[in-house]
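Encoded as structure tokens, the structure appears first; notes follow it.
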Amino acid sequence: MSAVSRTVSIIVGATLTGMVWTGSAWAESWLQIEAKPSLAQAEARARDWAGMFPDVAGFRMATGWYAIALGPFADDQSANDRRQVLRREGLIQRDSYISDGGNYGQQFWPVGASFGGVTPPGTPPATDLPTPPDQGTVQVQDLPQADTPAPEAQPDPQAVTQVETLAESRRREANLTRSERMDIQSALEWEGQYAGAIDGIFGAGTRSSIADWQMKNGFEPTGVLSSAQQMKLMDTVATQRAALGLQPVEEKEAGISIELPLGLVQFARYNPPFVTYAPKDGSGVQVLLISQPGDQARLRGLYDAMQTLEVVPLDGDRSLRGDSFTIEGQNAKVHSFTQATLSKGLIKGFTLVWPVGDDARMSRVLEAMKSSFRPVGTTTLDSTLGQPMSVSRAALMAGIEKRAPVFARSGFYIDAQGHVLTAGAGLSECGRVTVDDHPADLSVDATDAGFAVLTPRDQLSPKQVAKFRPDEPQAGSQIAVAGFSYPEALPAPVLNFGTLTALKGLGGETGQARLEAQTRKGDVGGPVLDGSGAVVGMLLPVPGDDSRVLPKGLTVALQAGAMTPDLAAKGFAPEASGLAIPRAPEELQKLARGMVVQVTCWK
């Protein structure tokens, strides 16, 4: 059969016809999915991609390479939305990035297409590109019959791979401005490859960082970026920063300037001393900006208070200096980092909280927040700022509630080294124990005997140390129980006066004593004092026996004489009291404040 000759008119790249040249760059955005060094390779890959996506386009770049891209898109956001979908489905490489097309020259795919029929200014001649037929028309001649196999396409022998040489890269780098060099160092820092100064000086550290980045991304580690590599580096970082939404924020009410990931968090409320940024779109990320007036004492108080918040897990490094602190926390659900600094009577800082498993991305956010954080002005967050009263307390504190202890009780110093005697029941089951908010270890667990000794990890200097009465008190004598009866309402111990009614326990136990005094759970572990201030016992928890209801005001203490031998055997020798000279209630209260501490058990 004879061959057939005909002409076919087709519309090429319909999505490209609306593109407009602005004079410096194309107005659309592109999703670049691949680049090849030669035209033959690029055409083959574009053909493969075109079988999957209808909007594949190919361009020669100024570097001599050939870009394969999807688009055009109306803006970067639309291009990035498409990128996220295709990446999730595993259809494109993870290093695909958004381009404005400013580096794109003559179009080679689809065949016969171009940038709206206009060649961008400054486009280098593409000597290795075949000359297309008249626009919009493809001549198809001598089409073979169906039973005649088509000849296999051969690569164009004239297609020459144009790769930027190292010498060309060096010359191009020499013409970079200091600002452009600093941008490269910042991008390398973002990628985790550079930890030096951002000064625009390409010394040994910068060269090594460039080589490491090149190796990581499959390039020859020359230590000098080619123009294509520089573009890839900058575009990758720009795309990642755009996804996080990192933007400078000046919080005028708090007097803080900082970069925040506004793609992950959004302003929620003022809750002095915090400005709260809540998770956005289920990101699980939170930010607290900290701003309050204060001195070293208030800085220490803030340091202690932050560790009671749910968003600050108990495990992690802590550091407290005279004018600053940092707290790192982590558990099975979240990680967090807090920093605060005292300067000129102002305490300012921030907390970043993120879910477990997002460390790689959030480490970049944390470094950006650290490097950009700056106190502004001489004001702090107004303590009267906040949400309207119609907002519930639960909603106001959502995400930054205080961590609730398992229980809180009292204890008292038994030596100048800061060792604390308290009731032993339940302490061995605590995940963490604190003495006045200082972490402590369970040094002596004599639960069977009824007591325990705690050793604070920080060196504490007691104002008062307990002195034990060496002889047995008399039944019917007046006593006072010193303890934290109201730990949430009162920050200091109080005295509850009463009577020592018997020198035996509720079941006749020797070594115990019955008391008639109005005590509460927070008083357990506190000292029982005689009129001179000498310790005659330690308050015990009431036995949990539902079958026995005790008379109101009746409670039990462990006698001092019953504890002294065991304490001495374990290396603690309580000091004996001297003459039993009665003290006024005010003096007893002052003694208790210097000696009694709050013991808290945490999960």
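The values are calculated or read from the model by the stated rules, or taken from the named source; none is laboratory data. This is a predicted model, so every value here is computed, not measured. For neighbour counting, all protein chains shown are included, and Cβ atoms are generated from backbone atoms with ideal geometry for every residue, glycine included.
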Self-check item: Among (1) in the same structural domain as GLY357 (by TED's automatic domain parsing); (2) in a loop (DSSP other than H, G, I, E, B); (3) under 30 Å from SER78 (Cβ atoms) - the single one GLY218 does not satisfy
Solution: (1)
Practice problem: Please give the number of the condition LEU558 fails out of (1) at pLDDT 90 or above; (2) farther than 22 Å from VAL465 by Cβ; (3) not charged (D, E, K, R). | Solution: (2)
Quiz item: When the stretch 481-530 is examined, which residues are found to be under 21 Å from LYS590 (Cβ atoms), modelled with pLDDT under 90 and surrounded by fewer than 18 Cβ atoms within 10 Å (Cβ to Cβ)?
Solution: TYR486, ALA489, LEU490, PRO491, ALA492
Practice problem: Among the candidates SER343, SER336, SER372, single out the residue that is closer than 24 Å to ILE198 by Cα, at pLDDT 90 or above, not assigned by TED's automatic domain parsing to the domain that holds ALA592 and not aromatic (Phe, Trp, Tyr). | Solution: SER372
Quiz item: Quick check: anything in the stretch 396-404 part of a helix (DSSP H, G or I), at pLDDT below 90 and closer than 30 Å to GLY255 by Cα?
Solution: yes
Quiz prompt | Whichever residue in the stretch 315-359 is touching an Asp or Glu at 6+ places or on another chain (Cβ under 6 Å) and within 18 Å of LEU299 (Cα to Cα) and, among such residues, is surrounded by the fewest Cβ atoms within 10 Å (Cβ to Cβ) | solution = ASP317
Exercise. Go through the stretch 554-587 and count every residue that is within 49 Å of the chain's Cα centre (by Cα) and not acidic (Asp, Glu).
Key: 15
Quiz prompt | Cβ-Cβ under 7 Å pairs, at least 6 apart or on other chains, the stretch 37-63 side at pLDDT 85 or above, far side part of a helix (DSSP H, G or I) | solution = ASP55/THR15; VAL56/ALA46; VAL56/TRP49; VAL56/ALA50; ALA57/LEU16; GLY58/ALA42; GLY58/ALA46
Exercise. For the stretch 352-366, name all the residues that are out of contact with any Gly (no Cβ under 9 Å at 6 or more places or on another chain) and not aliphatic (A, V, I, L, M).
Key: GLY357, ASP359, ARG361
Self-check item: Candidate set: the stretch 409-422, residues that are surrounded by fewer than 24 Cβ atoms within 10 Å (Cβ to Cβ) and small (Gly, Ala, Ser); chosen: the one nearest to PRO574 (Cα to Cα)
Solution: ALA416
Exercise. Select from the stretch 285-311 the residues that are crowded, with 16+ Cβ neighbours inside 10 Å, part of a loop (DSSP other than H, G, I, E, B) and free of Cβ contacts under 8 Å to residues at least 60 places away in the same chain and list them in ascending order.
Key: GLY294
Practice problem: Pairs only if they're at least six apart or on different chains, beta carbon under 7 angstrom, first in the stretch 571-591 and in the same structural domain as ILE479 (by TED's automatic domain parsing) and surrounded by 13 or more Cβ atoms within 10 Å (Cβ to Cβ), second of a type in the set (Asp, Glu) and assigned to a loop (DSSP other than H, G, I, E, B); list them, first residue then second. | Solution: PHE572/ASP415; ALA580/ASP530
Exercise. For residues that are exposed (fewer than 12 other Cβ atoms within 10 Å of the Cβ) and more than 24 Å from GLY498 (Cβ to Cβ), tally how many sit in the stretch 458-475.
Key: 3
